[in-house]
Amino acid sequence: MSKILIVEDEESIAELEKDYLELSGFEVEIENRGDVGLERALKEPFDLFILDLMLPGTDGFEICKRIRKEKDTPILMVSAKKDDIDKIHGLGMGADDYITKPFSPSELVARVKAHLSRYERLIGSNVHHNDVIEIRGLKIDKTARRVFVNGEERNFTTKEFDLLTFLASNPNRVFTKEELFSNIWDMESIGDIATVTVHIKKIREKIEMDTSKPQYIETIWGVGYRFKV
Ligand code: CA
């Protein structure tokens with residue numbers, strides 16, 4: 001359930017907003033002071049903020065700016081004055097929308113729903129953009145640089161991760177140790193092709209069920225290694 005924070009000092013307005021949003025299935029909390037609202041907004045995981053402009057403690061402009069520095073959560077500004085709306089535009093504070101008082105509660109609910117679903121799509125699409133390789137229980141998240149074996153995370157050093165990812169990104173191709181070394185280690189690196197052998201051994205210990213019968217990284221005797229798909 002989406003959680004909304006209303007920062008509004010006029011209690012009757014805050015309660016009206018809360019009632020309508022709760023009827024639409026949202027969880028709603030109210031703060032009447034700007035400074036307290038700001039503190040909670042920064043600390044707690046809300047999905048959307050509804051901010052009045054004139055507030056005791058800290059005003060809505062300041063709250064909006066401070067939230068935007070840390071979070072992408074949708075912000076809906078509420079104001080009674082046309083001048084304030086111009087100010088919201090002019091300042092480029094990062095508010096997602098504004099609504100003028102008096103407004104109909106159904107309009108507020110519609111705006112809240114629109115911003116929440118847009119934000120959820122945004123978050124969802126980011127997750128999908130993670131570049132992931134998945135082969136028989138082995139999952140390599142190239143974006144997050146994390147490796148999972150049957151759902152369990154394994155810790156990899158930078159070079160182990162780079163080597164595994166390089167092989168898995170070029171499946172069924174045989175690479176010599178020299179090729180792997182020059183692809184993963186930069187030229188100035190101290191080390192030789194024995195480094196590759198050591199790293200392959202460590203990777204196998206982390207991803208293979210039985211290192212004597214590797215199912216992912218195959219040794220091609222006298223040549224090098226191949227990632228089997
Ligand atoms: Ca006010």
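The values are calculated or read from the model by the stated rules, or taken from the named source; none is laboratory data. The shown structure was predicted, so the numbers you read here are calculated from the model rather than taken from an experiment. With ideal geometry, Cβ positions are generated from the backbone for all residues, glycine too; neighbour counts draw on all protein chains shown.
Data overview
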{"read-out": "Criterion: without any contact (Cβ under 8 Å) to a residue 24 or more places away in the chain, over 17 Å from Ile6 (Cβ atoms), more than 16 Å from the ligand (Cβ to nearest atom) and of a type in the set (A, V, I, L, M) - qualifying residue of Ile133, Ile85, Ile123", "value": "Ile123"}
{"read-out": "Residue list for the range 18-54, filter: within 14 Å of the ligand (Cβ to nearest atom) and either modelled with pLDDT under 95 or in a strand (DSSP E or B) (or both)", "value": "Ile30, Glu31, Ile50, Leu51, Asp52, Leu53, Met54"}
{"read-out": "Some residue of the range 136-152 being touching a residue at least 60 places away in the same chain (Cβ under 8 Å) and within 21 Å of the chain's Cα centre (by Cα)", "value": "yes"}
{"read-out": "Of residues in the range 40-54 being surrounded by 16 or more Cβ atoms within 10 Å (Cβ to Cβ) and under 27 Å from the mean Cα position of the chain (by Cα), the one nearest to Glu107 (Cα to Cα)", "value": "Ile50"}
{"read-out": "Failed item, numbered, when Tyr119 is tested on (1) under 29 Å from Asp72 (Cα atoms); (2) at pLDDT 90 or above; (3) part of a helix (DSSP H, G or I)", "value": "(2)"}
{"read-out": "Extreme residue, nearest to the chain's Cα centre (by Cα), among residues of the range 55-74 that are surrounded by 21 or more Cβ atoms within 10 Å (Cβ to Cβ) and more than 16 Å from the ligand (Cβ to nearest atom)", "value": "Pro74"}
{"read-out": "Members of the range 5-17 found to be within 12 Å of Val36 (Cβ to Cβ), within 10 Å of the ligand (Cβ to nearest atom) and of a type in the set (A, V, I, L, M), listed by number", "value": "Val7"}
{"read-out": "Number of the exception - Ser106 against (1) in the same structural domain as Leu53 (by TED's automatic domain parsing); (2) touching a residue at least 40 places away in the same chain (Cβ under 8 Å); (3) in a loop (DSSP other than H, G, I, E, B)", "value": "(3)"}
{"read-out": "Qualifying residue in the range 173-191 (condition: within 15 Å of Ile135 (Cα to Cα) and assigned to a loop (DSSP other than H, G, I, E, B))", "value": "no"}
